[in-house]
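The values are calculated or read from the model by the stated rules, or taken from the named source; none is laboratory data. It should be emphasised that the depicted structure is a prediction, and the values quoted were computed from it without experimental measurement. Here Cβ is always computed from backbone atoms with ideal geometry, including for glycine, and neighbour counts include all displayed protein chains. When the accessible area is computed, the model is the full protein with side chains, heavy atoms only, and any ligands, DNA or RNA have been set aside. Shrake-Rupley method; radii C 1.70, N 1.55, O 1.52, S 1.80 Å.
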Amino acid sequence: SVKHRESADGLTVTAIFDLPRVKKDDMHVSFQGNRLVVSWRTVKITEREEPLDANDLGSGTRILRELEHKKYCRTIPLPDGTRFEEIRAARDGRHLVLTYPNISTSRASPIVRDGL
């Protein structure tokens, strides 16, 4: 799950990704123009033992191992002109914390008036 929090001044947003049991090597954050792309994967291995049936040769049990692989990706839009230096990322145990400029704020250009 992801929680978004706006700063008190409204200039930045913090996204907190709750990623329990996701290793650092299984997550990736990339800055692509006017967006952040966050991707991660989970791997779950389960084993169970089951008895051999009459059609199998021999007697006893066999071990069945299942591998479940899931990939996730989230894209976060950024304001036009966002620079790499304006983005912060940190890992805190089970959380990935991203701080970036708020898209609802706009960058103002100075107004130049002739003769004033």
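Quick one: VAL22 ticks every box in (1) surrounded by 12 or more Cβ atoms within 10 Å (Cβ to Cβ); (2) of a type in the set (A, V, I, L, M); (3) in a strand (DSSP E or B) except a single one, so which number is it?
(3)
Kindly list, by first and then second residue, each pair from a residue in segment 79-95 that is open to solvent by 60 Å² or more (accessible area, probe 1.4 Å) to a residue that is at pLDDT 90 or above and not in a strand (DSSP E or B), limited to pairs with Cβ atoms under 7 Å and residues at least 6 apart or on different chains.
Partner pairs satisfying both residue conditions: ARG94/LEU19.
Give the residue that is nearest to SER39 (Cα to Cα), with candidates limited to residues of segment 2-17 that are charged (D, E, K, R) and in a strand (DSSP E or B).
Filtering first and then ranking leaves LYS3.
Among the residues of segment 29-70, write down those that are open to solvent by 70 Å² or more (accessible area, probe 1.4 Å), within 30 Å of GLU86 (Cβ to Cβ) and polar (S, T, N, Q).
GLN32, ASN34
Given the options ASN55, ASN34, name the one that is of a type in the set (S, T, N, Q) and in contact with an Asp or Glu (Cβ under 9 Å, 6 or more places away or on another chain).
Only one candidate qualifies: ASN34.
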